[in-house]
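Here is the structure we will look at, set down as structure tokens.
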Amino acid sequence: MTSREPAALVELARQGSRTALARLLTYVESGGAAHRATAALAYQVSSPYVVGITGPPGGGKSTLTDQLISVALAHGSFDGSDAFDQVGILCIDPSSPFTGGAILGDRIRMQGHATNEHVFIRSMATRGHLGGLSLAVPDAVRVLGAANFRLALVETVGVGQMEVDIASAADTTVVVMNPGWGDAMQANKAGLLEVADIFVINKADRPGVRETRRDLDQMLDLGGEHEWRPVILETVATNGTGIDELWEAVVAHRRFLEDGRLEQRRRARTRAVLDEVLSATVRARVTGLDHGAAFDAQVEALLAGTTDPYRAADALLSNP
Ligand SMILES: Nc1nc2c(ncn2[C@@H]2O[C@H](COP(=O)(O)OP(=O)(O)OP(=O)(O)O)[C@@H](O)[C@H]2O)c(=O)[nH]1
Ligand SMILES: [Mg+2]
């Protein structure tokens with residue numbers, strides 16, 4: 001494969017070329033003209049269904065994802081209408097700007113599927129994307145859509161704001177924690193409880209499951225009435241216990257989103273993405289003004305008392 005043209009690559013990716021797909025995702029990570037051309041094509045195709053899997057480091061997300069891949073492929077669709085014969089997995093670690101040890105570990109843990117032609121696994125980093133990882137991920141999901149993927153699993157490590165942003169970009173969000181004190185609290189503080197559709201207490205072979213479930217239940221009660229009360233499941237990812245139930249919960253949540261709720265969610269997300277891209281674009285333009293003559297002139301005007309910072313900013317924006 002020699003083409004580097006996004007249009008040609010999208011066509012090849014649609015026909016099943018993993019090399020073409022990988023190259024398109026590199027464009028997304030890198031930003032610039034190739035990314036713009038890729039986005040122009042990818043956003044013409046509808047999004048795959050996105051299941052986000054997030055939670056503190058080491059909780060068993062990758063092991064769980066590995067198991068979910070098998071179940072998803074075995075079922076082949078949610079309900080017969082949205083058939084998928086391949087699954088795309090994106091692994092996101094916001095704390096490491098480049099492919100780090102954790103992600104290498106993810107690859108190894110999903111090795112059961114590494115050579116499966118129906119499975120595509122990719123770690124994402126950003127090297128120049130305008131809006132950083134939280135915008136690179138939605139773009140990457142759309143690229144998977146353009147390559148005919150109807151289901152994407154997105155694993156995100158950590159409990160910070162960016163993880164919440166990425167997790168909330170999913171259609172169904174699974175928050176993974178472990179038994180014992182701490183995880184539930186941490187996830188609550190980070191705002192993950194608000195975006196969770198399904199809670200998984202993984203490593204349920206260890207003590208403390210009942211306490212963790214109780215903590216979660218209490219926190220959910222405090223959160224008030226919701227149309228969808230998040231399900232709390234127990235799994236042992238290493239031996240597959242509870243995985244069928246997890247898949248059933250995903251299917252049930254997707255069914256709940258029918259009757260317009262999915263569209264509503266996606267519309268809200270689309271607004272958020274456009275808002276972010278708009279801010280990032282303006283920010284990028286403004287950064288370019290940093291040491292320009294016009295900027296210096298406004299600084300002098302400020303020092304001379306002939307303007308104020310708000311008028312100065314308006315002047316710079318209207319006259320870049
Ligand atoms: N006892 C037990 N160990 C588990 C279970 N699930 C996963 N593990 C182990 O926990 C460790 C971490 O699992 P991963 O799947 O890599 O966890 P992760 O959340 O993807 O980790 P990061 O991506 O590094 O945040 C591995 O050694 C797994 O074998 C489980 O249900 N029970
Ligand atoms: Mg992992």
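General observations
- At 0.890 mPa s and 25 °C, Stokes diffusion of the chain via Kirkwood alpha-carbon radius, µm² per second: 116 µm²/s
- Farthest toward positive dipole pole in the chain [+1 Lys/Arg, -1 Asp/Glu at C-beta], among Thr126, Gln298, Gln218: Thr126
- For the range 216-311, the set of chymotrypsin sites (Phe, Trp or Tyr not before Pro) satisfying both a DSSP loop assignment and a count of at most 14 other C-beta atoms within 10 Å is given as Trp228.
- Mean sequence separation of contacting Cα pairs (under 8 Å, at least six apart), scaled by the length of the chain, corresponds to a relative contact order of 19 percent.
- Percentage relative contact order, the range 1-91, counting C-alpha pairs under 8 Å, at least six apart: 15 percent
Read-outs throughout are calculated quantities, based only on the coordinates presented, and are distinct from any laboratory measurement. Just so it is clear, the model here is predicted, and its values are computed rather than measured. Every residue, glycine as well, gets a Cβ built from its backbone with ideal geometry; the counts of neighbours run over all protein chains shown.
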